[in-house]
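For reference, the structure discussed in these notes is given below.
Here, each number is a calculation from the coordinates, and none is a lab measurement. Source: prediction; values computed, not measured. All Cβ positions, even for glycine, are placed from backbone atoms using ideal geometry, and neighbour counts span all protein chains on display.
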Amino acid sequence: MECFPTTDDNPAGKVWDMYSNCTFTFVTDQCGNVSTNECFCYNKEHSIPASWFANATPMYSDLFHIVPTDGKVNNLRSSFPFGETSSPTFVTINGSKLGPCSLPGYTGTIFEPIDEYKGDFARNYFYLATRYENVIAGWYVNSTEANAVLQPNNFPVFESWFLNMLGEWHKNDPVSQKEIDRNNEIYTTYQHNRNPFIDHPEYVYSIWGVGQLMAAEPTNHAASFSAHCITLNWADATGTVAPTGYLVRMSPVGFGSIGVPGDGVPVTNDASNKNVASGIQKAVFGGLNPNTLYYFKIFGYTGSDATIDYKTDGTIQQVSLQAK
């Protein structure tokens, strides 16, 4: 196709073939006939087979699912669905596979592209299901392969085995710069529309409930990771009125610097104060300076917020410990 030199050119200016690993020159190496040898020529591939939509327009010429591929491999793929196989009958130069489907839900012949491009093809399918929502419900009757993948509806469109697979492909192979550039080129120069699942990958999860993307990984690890902490343990107080919780207070100065809490005034958790529910019997203070002595007091209480009532009379339990 005339558009391929600008939509599907690799960094070397050659054909970006996702089915094989050949070096094709645009136009010169293009062929209409099927080759018996891999890397002999390239032609156009409907990643959603044209027979599935009965070669109808405008689907037949929609660039978002038409890509250049090796002529031999294109022929081998035929109209078989995409899938995954653990016992391939044919493996292409770049590792794409043809063979029986190994995913639960389908046992027919499938074609499996390499991991690097699985997300690309998944987003092609999500695009067509959205773009042609008004007609896709009738496609399943056009071929046995279409029936294996498509449902007779406009949502969710895909059979469960295939939808779940597309979601995994979408998640595991995120949008690449290749797809972004192609999306922009098709929008600017040719069709003037976009694949929304390239612009917004999160839409796949929002619409179909599959392919949830992981949150962005933190840039760096935590700093100054250490075990400079003190763990305090105690036995719950007994009596007619048992505490509902405890306030443990800390000071690096001395016992005298630890203030007595006031009734009706709850203390917020921070580096020096920990509220612990009755029954837990443990409090951990971290981020401490090594080889430093710290002082602690514990106050039982009942109630909460404005009704909080602290036990402050009698002998208040206290302890001092050194951070290691």
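Observations on the model:
- Since only Y60, W16, G83 are under comparison, the one whose Cα sits farthest along the positive direction of the charge dipole of the range 1-96, derived from C-beta charges on Lys, Arg, Asp and Glu, is G83.
- Filter on K72/K178; K297/K324; K274/K311 - keep pairs with C-alpha separation over 22 Å: K72/K178
- Under 20 Å from the H200 label point (7 Å along Cα→beta-carbon), backbone N, the range 98-130: 120, 122-130
- Judged by the gyration tensor of its Cα atoms, with axes a ≥ b ≥ c, the range 36-137 is oblate; a/c meets the 1.5 cut and b/c is at least as large as a/b.
- Per residue, the convex hull volume that the Cα atoms of the range 4-208 enclose (Å³): 113 Å³
- Local electrostatic count, G264, Cβ distance below 13 Å [Lys/Arg +1, Asp/Glu -1]: -3
- Across the chain: Cys residues that no other cysteine approaches within a C-beta distance under 4.7 Å: C3, C101, C229
- The alpha-carbon of K282 sits under 18 angstrom from the alpha-carbons of these aspartates and glutamates, leaving out residues fewer than 8 places away in its chain: D236, D270.
- Label point distance in nm, T244-D270, each placed 7 Å from Cα along Cα→Cβ: 2.4 nm
- FRET efficiency, T315 to E217 (Cβ-Cβ, R0 35 Å, nearest 0.05): 0.10
- Between S87 and T231, the C-beta separation translates, for a Förster distance of 51 Å, into a calculated FRET efficiency of about 0.40.
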